[in-house]
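A short write-up of the structure that comes next.
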Amino acid sequence: MLGGPGRLRGPEDLTMLVASTHHIARTGCERWLAATTDAQRADNADWVAELLDEPVTVATVELMLSTLT
């Protein structure tokens, strides 16, 4: 068996979450710019809007960590 129980001890333990959401937002923006139809643009705009409407912020990370302690 690989891995084990994860332990979140501080904000630095959530850096991959931040990096991943920023990568998804960037990809969505690039796909929106490359879209050739209104439907494609709308799909990608929704994708990016979801991340912008609820961004991972310092406050989000602190809230996540506070629920675990």
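The values are calculated or read from the model by the stated rules, or taken from the named source; none is laboratory data. Please read these numbers as outputs of a predicted model, since none were measured by experiment. For neighbour counting, all protein chains shown are included, and Cβ atoms are generated from backbone atoms with ideal geometry for every residue, glycine included. What goes into the accessible areas is simple: the full protein's heavy atoms, side chains included, and nothing from ligands, DNA or RNA. Shrake-Rupley method; radii C 1.70, N 1.55, O 1.52, S 1.80 Å.
Is it the case that THR60 is among the β-branched types (Val, Ile, Thr), surrounded by 11 or more Cβ atoms within 10 Å (Cβ to Cβ) and at pLDDT below 95?
yes
What pairs can you find where one residue is in the stretch 5-16 and within 14 Å of VAL56 (Cβ to Cβ), the other is outside any helix (DSSP H, G or I) and open to solvent by less than 100 Å² (accessible area, probe 1.4 Å), and their Cβ atoms are less than 9 Å apart, with a gap of 6+ or different chains?
ASP13/GLY6; LEU14/LEU8; LEU14/VAL56
Could you list, in sequence order, the residues of the stretch 17-61 that are touching a residue at least 12 places away in the same chain (Cβ under 8 Å) and of a type in the set (Lys, Arg)?
Within the stretch 17-61, just ARG31 meets the criteria.
Under the condition of being among the β-branched types (Val, Ile, Thr), assigned to a loop (DSSP other than H, G, I, E, B) and within 26 Å of THR67 (Cα to Cα), which residue from the stretch 1-57 is least open to solvent (accessible area, probe 1.4 Å)?
This residue is VAL56.
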